[in-house]
Structure formats: structure tokens, C-alpha cells
Amino acid sequence: MGNDDPGGKHRILMVSDFFYPNFGGVENHIYYLSQCLLNLGHKVVVATHAYGNRSGVRYMTGGLKVYYVPWRPFVMQNTFPTLYGLLPIIRTILIRERITVVHGHQAFSTFCHESLMHARTMGYKVVFTDHSLYGFADIGSIHMNKVLQFTLADVTQAICVSHTSKENTVLRSGLPPEKVFVIPNAVDTSMFTPAVDRPRTLEEIVIVVISRLVYRKGVDLLVEVIPEVCQLHPNVRFIVGGDGAKRVRLEEMREKHSLQDRVEMLGAVPHAQVRSVLISGHIFLNSSLTEAFCIAILEAASCGLLTVSTRVGGVPEVLPDDMVVLAEPDPSDMVYAIQKAIYMLPKIDPQDMHNRVSLLFKSSFLTHLVGKLVLFCLRVLCR
């Protein structure tokens with residue numbers, strides 16, 4: 001399908017199982033990317049499955065049109081794979097909205113894969129963005145990799161958020177490396193700024209954790225690390241934001257070690273409130289066992305926090321060495337890294353760190369989000 005607009009404007013369909021009102025990095029990425037494309041004059045439509053009673057067509061900020069297809073999530077917000085069940089609805093959306101480019105997000109989204117397959121069969125240009133790393137040995141990954149090889153066999157372009165992610169995606173999907181491009185994630189530094197109205201003191205050191213509390217995010221590591229750090233440093237307090245299946249393990253740890261006054265559990269934190277949580281801390285702790293990029297690290301650094309993170313996936317590619325302390329995903333090594341970060345804190349200037357992030361990722365909110373799709377869409381459509 002060609003672009004029928006002589007002015008070079010495109011009509012883009014975003015497809016994924018993950019979108020608002022669900023919270024997460026993929027959801028935020030799709031929303032902000034859509035808003036930037038709308039600001040440039042492109043038409044953007046989002047298609048996802050129904051969330052609760054949110055079904056049918058809804059409109060969001062900037063006139064973003066969202067189709068909440070009346071499919072219910074089967075497991076982990078993914079719809080049940082039907083192969084051809086989505087074809088009538090997706091075909092209707094593609095024709096009704098006169099779509100020129102289809103952009104799918106996230107490898108584990110069955111809605112995304114079915115939509116890309118049907119769109120490519122109908123002759124549309126399709127772009128796929130992979131946001132995460134997955135393995136090769138467990139049953140789920142083995143089956144998912146076979147699905148990737150099938151649905152991405154004829155994809156026009158693919159995008160990954162780090163070089164590690166690109167290598168992972170190429171190996172899993174069998175895509176030619178020349179079809180896969182790396183565009184790192186970014187952060188809107190105007191939204192994530194240090195606190196200027198409160199003096200920075202080190203009498204009490206606050207370590208912030210904001211993450212989905214699931215196995216993949218290393219919650220089991222936190223359960224071992226937090227008590228040891230609290231024992232070694234009486235002036236350290238933890239703030240944990242997020243929710244998930246592993247939350248009960250953290251609560252059990254807090255009860256077992258009587259750390260109710262030193263470990264604050266916030267539950268799920270809306271993205272609009274993330275900054276207010278970050279600026280209350282000094283150190284941001286990421287304990288993920290696998291991570292393609294981790295945009296939370298950028299948000300924390302932009303707020304002036306020193307980051308301690310596991311050395312996994314694409315994390316080493318995110319920030320310069322003097323802005324992050326990396327550790328192996330091992331409790332003792334993570335405790336050592338946190339101690340190292342505590343000793344580094346007096347030398348950290350939050351505003352300077354924010355300025356460096358702004359410089360490293362300047363115009364990131366526009367260049368990244370717009371470039372993420374527009375440049376590649378223009379490239380493939382003009383061939």
C-alpha cells in the first residue's frame with residue numbers, strides 16, 4: 001500500500017496488547033510516540049484489546065483515536081492467540097482509517113503479531129519494535145521464538161532499543177540484521193527534573209525502587225539485599241513503588257526483619273507521580289534480571305539520582321560509567337555496589353546530572369519518539 005497523501009503525511013496504526021489504562025514502559029512509549037506523530041500532522045490510530053468496561057472507540061489527548069477491540073486478556077494482559085480471529089476487525093480498521101503503516105509493539109503481544117501478519121498479507125508496510133529481552137531455553141521463550149520467526153518473516157523493518165536487544169531479537173526471530181535498527185529509548189527531561197525547593201541532605205539516605213514486582217525484575221534479589229543494607233547502614237531507608245505477584249515476598253521480608261519504619265511500600269505508582277517519588281530519594285536501585293534498556297534509569301538520572309543497577313542486557317549502554325554503579329545479579333555484589341554509591345553521594349550534584357542527561361538525550365522526546373517511527377516509515381514507503 002502506498003501513501004495516498006501527496007504532502008507526505010502518513011496514517012499509522014499502532015497495535016499492541018499493552019496500552020492505557022494499563023501502566024508500563026510500552027504503554028507510555030506508544031502514547032507519547034503517537035502524540036509526537038500527531039503534532040507533526042500524521043494521523044495515528046491505536047488498536048488494543050478491551051480493558052474492563054473500556055471497549056469500543058475512545059478518543060485521547062490530541063485526537064488520538066483508540067480502538068478497544070472487544071477481546072479479553074487471556075494471561076498477563078495478552079489476548080488468546082487465534083491466528084485468524086482478529087482478521088475481520090483489523091481489516092475493517094485498516095480500510096476505514098486508510099492506514100499506510102502498521103507499527104506493532106512487544107514480542108509477547110499476540111494482538112501485535114496477529115495484526116502484523118494480517119496487515120502484511122494485505123500488502124501494508126509494517127514496522128515492529130521489540131522492547132524486551134527473552135531467553136532461548138524455557139518453554140515460553142521457545143514457543144515465542146517460533147511465533148516470532150513465523151509472524152516477522154516478512155516484516156518491513158524492525159527496531160530494538162539497544163544493541164544487546166538487537167542481537168537477541170535477530171537470534172530469536174531469524175531476521176536479517178540489516179533489517180533491524182537500534183534506536184535507544186529516551187526520556188522527557190522537562191518532566192523529570194531535580195527538586196529545587198528542598199535542600200539535599202545526607203543525614204538520611206533514601207534508596208528508591210520503582211518497578212513491577214515480578215520475578216523478572218529481580219524482587220528475590222531485593223528480598224536479600226534490603227535487610228543487609230539496612231543492617232550495615234542505620235541511616236538508609238527504602239521506598240518501593242510498584243505492584244505485582246512478588247509484592248508479598250517484600251512484605252514478608254519487612255515483617256520478618258521488623259523494617260516497617262525503614263521500607264515504605266507505595267503500591268502501583270501512576271506515571272504522572274513517578275517524579276514526586278524519585279525526587280524524595282538519593283539512589284535509584286534497579287535489580288532486574290533481564291532488561292533491554294530500562295527507561296526508569298534515565299528518569300531517575302534526570303531527577304538527579306545516582307543509579308545502582310544489575311549488569312544485565314542493555315543496561316550498560318544507558319548511562320556513562322560515572323553516573324551508574326553496576327553489579328552482578330548477586331546479593332553480595334549488589335550490597336557492595338550500594339555501599340559504593342553511598343560513598344559517592346557527596347560528590348553527586350543532582351542539577352549537574354540532570355543537565356548531563358539533557359545533553360546526552362537532548363531533543364530525545366522529539367527526536368527519539370518521532371524518529372522511532374517516522375524516519376523508518378518514510379524510508380520503507382519511499383522505496
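The values are calculated or read from the model by the stated rules, or taken from the named source; none is laboratory data. Because the structure is a prediction, the values reported are computed rather than measured. As a convention, Cβ positions derive from the backbone with ideal geometry for all residues, glycine included, and neighbour counts pool all protein chains shown.
Scan the stretch 185-200 for residues that are crowded, with 20+ Cβ neighbours inside 10 Å and either hydrophobic (A, V, I, L, M, F, W, C) or within 17 Å of the chain's Cα centre (by Cα) (or both) and report the count.
Summing the residues that are crowded, with 20+ Cβ neighbours inside 10 Å and either hydrophobic (A, V, I, L, M, F, W, C) or within 17 Å of the chain's Cα centre (by Cα) (or both) in the stretch 185-200 gives 5.
State which residue pairs qualify: first residue free of Cβ contacts under 8 Å to residues at least 60 places away in the same chain and inside the stretch 344-363, second residue of a type outside the set (S, T, N, Q) and surrounded by fewer than 15 Cβ atoms within 10 Å (Cβ to Cβ) in any location, beta carbons under 8 Å apart, and separation of 6 or more residues or different chains.
Partner pairs satisfying both residue conditions: R356/P320; L360/P320.
Any idea which of (1) within 20 Å of V312 (Cβ to Cβ); (2) outside the structural domain of L33 (by TED's automatic domain parsing) is the one S165 doesn't satisfy?
Going through the list (1) within 20 Å of V312 (Cβ to Cβ); (2) outside the structural domain of L33 (by TED's automatic domain parsing), S165 breaks only (2).
Of all the residues that make up the stretch 45-67, how many are of a type in the set (S, T, N, Q) and closer than 20 Å to H105 by Cβ? Spell out how you get there, then give the answer.
Kept after step one, since they are of a type in the set (S, T, N, Q), are these residues of the stretch 45-67: 48, 53, 55, 61.
Okay, now just the ones that are also closer than 20 Å to H105 by Cβ, so 48, 61.
The total comes to 2.
Collect the residues in the stretch 213-259 that are under 24 Å from Q273 (Cβ atoms) and of a type in the set (D, E), keeping them in residue-number order.
If the condition is that a residue be under 24 Å from Q273 (Cβ atoms) and of a type in the set (D, E), then D243, E251 are the ones that fit.
If the requirement is being at pLDDT below 95, in the same structural domain as S302 (by TED's automatic domain parsing) and either more than 27 Å from D349 (Cβ to Cβ) or touching a Lys or Arg at 6+ places or on another chain (Cβ under 6 Å) (or both), which of these qualifies: R275, R216?
R216 is the lone residue from the list that is at pLDDT below 95, in the same structural domain as S302 (by TED's automatic domain parsing) and either more than 27 Å from D349 (Cβ to Cβ) or touching a Lys or Arg at 6+ places or on another chain (Cβ under 6 Å) (or both).
From (1) outside the structural domain of V15 (by TED's automatic domain parsing); (2) of a type in the set (D, E, K, R); (3) not in a loop (DSSP other than H, G, I, E, B), pick out the condition that doesn't hold for D197.
Against the list (1) outside the structural domain of V15 (by TED's automatic domain parsing); (2) of a type in the set (D, E, K, R); (3) not in a loop (DSSP other than H, G, I, E, B), D197 comes up short only on (3).
Determine which single condition E203 fails, assuming it passes every other condition in (1) surrounded by fewer than 15 Cβ atoms within 10 Å (Cβ to Cβ); (2) modelled with pLDDT of 90 or more; (3) of a type outside the set (V, I, T).
(2)
Looking at E317, E291 in this structure, which one is of a type outside the set (S, T, N, Q), surrounded by fewer than 22 Cβ atoms within 10 Å (Cβ to Cβ) and in contact with a helix residue (DSSP H, G or I) (Cβ under 9 Å, 6 or more places away or on another chain)?
Values: E291 fails: surrounded by fewer than 22 Cβ atoms within 10 Å (Cβ to Cβ).
The conditions single out E317.
Quick one: which strands (runs of 3 or more DSSP E) lie wholly within the stretch 12-107 and hold at least 3 residues that are more than 17 Å from the chain's Cα centre (by Cα) and outside the structural domain of K217 (by TED's automatic domain parsing)? Steps first, please.
Details: elements: 43-49, 56-60, 64-69, 73-75, 101-105.
Filter on the stretch 12-107 gives 43-49, 56-60, 64-69, 73-75.
Could you list all residues from the stretch 108-125 that are part of a helix (DSSP H, G or I) and of a type in the set (G, A, S)?
S115, A119
Quick one: what pairs do we get from the stretch 224-242, first residue assigned to a helix (DSSP H, G or I), second among the aromatic types (F, W, Y), C-beta under 9 Å, 6+ apart or different chains?
Short answer, once both residue conditions are applied: I226/F238; V229/F238; C230/F238.
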